[in-house]
Amino acid sequence: FVIAVLAIVLGLTLRQKTNTFKTTFIARCERFKGYDCENIWVAFEQAYVGQDACNVPMEAYDHLVTNMGLFKPACNRMMFWSKTKDVVHDFTKKRDCFLTLEDTILGSVLDSLTWCGKEGSSDTFTTGCPEWNYCENNPVRSFWKSASSAFADVACGNVTAMLNGSIPTPFHPASIFGSIEVKRLNSTRTRSLNVVLVTQKNMLTNCTNASLKELEKALDEGIKYNCKEVTESQIQDCSSNEDIPCGACW
Ligand code: N1C
């Protein structure tokens, strides 16, 4: 009897977890008008539910990411980033100059969430899921790889990337930006990649950094490369001053 009660309580706790996660998913999704969020949830959940949490490849999200029309190109306004999440989103929250993956419906819904499934269970778990580096094919990492691919595939015109000038190697080939997005930029759609190297007062790196030469080399031939060192305070000034036109921020 005690075991039965425990099993029911545990069952309800797990059910609760799925519901809390799903509630967050649907609530965030509904901030975007004109989408069927229940339908998006079903397509999302089928990627990892019932699967081993280290055995969800990025292709598991193909249906969600490629068949549902959730990524629309915004030529000349696309913004990529690596190791600059806070600066970038502080800026994009306040100004309408650029579009990041987190401004699209899927990126916005799943930003900073953790989820996984378990073999033999139809629940979504939010604890006990593998860390980012614990195994390659975990549901969270595979999702960001998949969504980033789709986002880079629609990039067009002049695209921007904010990289971190306060670390020794601003461009990491193994990051999502380096391993997925840069490789998928296509010269028939994308004219240039403009790196904004975000620096602090005590600048550690500048545009001559060796890792940035690697970035330039990794680009599809025909895509122009530019790099500019911009201080964090310059970016913040532009965030808080609507009178500065987007094109004059740096
Ligand atoms: O590995 P990264 O950066 O180079 O990935 C950033 C790159 C961006 O251009 C985005 O388009 O890839 C996309 N992306 C996200 O949008 C995103 N949102 C939240 C990649 N990762 C994202 N996250 C989380 O940030 C993710 O769960 C992981 O933990 C970090 C990766 O950030 P990074 O190493 O700074």
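The values are calculated or read from the model by the stated rules, or taken from the named source; none is laboratory data. Everything numeric here is computed off the predicted structure, so don't read it as measured data. Heads up, the Cβs are rebuilt from the backbone with ideal geometry, glycines too, and the neighbour counts pull from every protein chain shown. Heads up: the accessible areas ignore ligands, DNA and RNA and are worked out on the full protein's heavy atoms, side chains in. Shrake-Rupley method; radii C 1.70, N 1.55, O 1.52, S 1.80 Å.
Summary of computed values
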quantity	calculated
Check on P130, open to solvent by less than 20 Å² (accessible area, probe 1.4 Å) and in a loop (DSSP other than H, G, I, E, B)	no
Meets criteria (among the hydroxyl-bearing types (S, T, Y), buried (at least 17 other Cβ atoms within 10 Å of the Cβ), over 13 Å from F80 (Cβ atoms) and more than 8 Å from the ligand (Cβ to nearest atom)) for S142	yes
Subset of segment 123-139 (residues that are among the polar types (S, T, N, Q) and either over 15 Å from D111 (Cβ atoms) or within 12 Å of the ligand (Cβ to nearest atom) (or both))	T124, T127, N133, N137, N138
Residues located in segment 49-105, provided they are more than 25 Å from I244 (Cβ to Cβ) and touching a Cys at 6+ places or on another chain (Cβ under 6 Å)	A53, C54, P73
Enumeration of residues in segment 22-50 that are in contact (Cβ under 8 Å) with a residue 40 or more places away in the chain and of a type in the set (A, V, I, L, M)	I40, A47, V49
Odd one out for K33, checked against (1) basic (K, R); (2) within 30 Å of G178 (Cβ to Cβ); (3) away from the ligand (no atom under 16 Å from the Cβ)	(2)
Subset tally (residues that are open to solvent by less than 30 Å² (accessible area, probe 1.4 Å), more than 23 Å from W132 (Cβ to Cβ) and touching a helix residue (DSSP H, G or I) at 6+ places or on another chain (Cβ under 6 Å)) for segment 72-94	1
Condition broken by G120, with the remaining ones in (1) open to solvent by 70 Å² or more (accessible area, probe 1.4 Å); (2) under 20 Å from A155 (Cα atoms) satisfied	(2)
Residue match in segment 1-13 (condition: open to solvent by 50 Å² or more (accessible area, probe 1.4 Å), within 16 Å of the ligand (Cβ to nearest atom) and polar (S, T, N, Q))	no
Residues of segment 75-113 satisfying the condition of being over 13 Å from the mean Cα position of the chain (by Cα), within 13 Å of the ligand (Cβ to nearest atom) and in contact (Cβ under 8 Å) with a residue 24 or more places away in the chain	V87, F98
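Conditions tested, residue by residue: (1) within 17 Å of the chain's Cα centre (by Cα); (2) closer than 17 Å to T104 by Cβ.
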site: E38; (1), (2): no, no
site: F44; (1), (2): yes, yes
site: V49; (1), (2): no, no
site: Y61; (1), (2): yes, yes
site: N67; (1), (2): no, yes
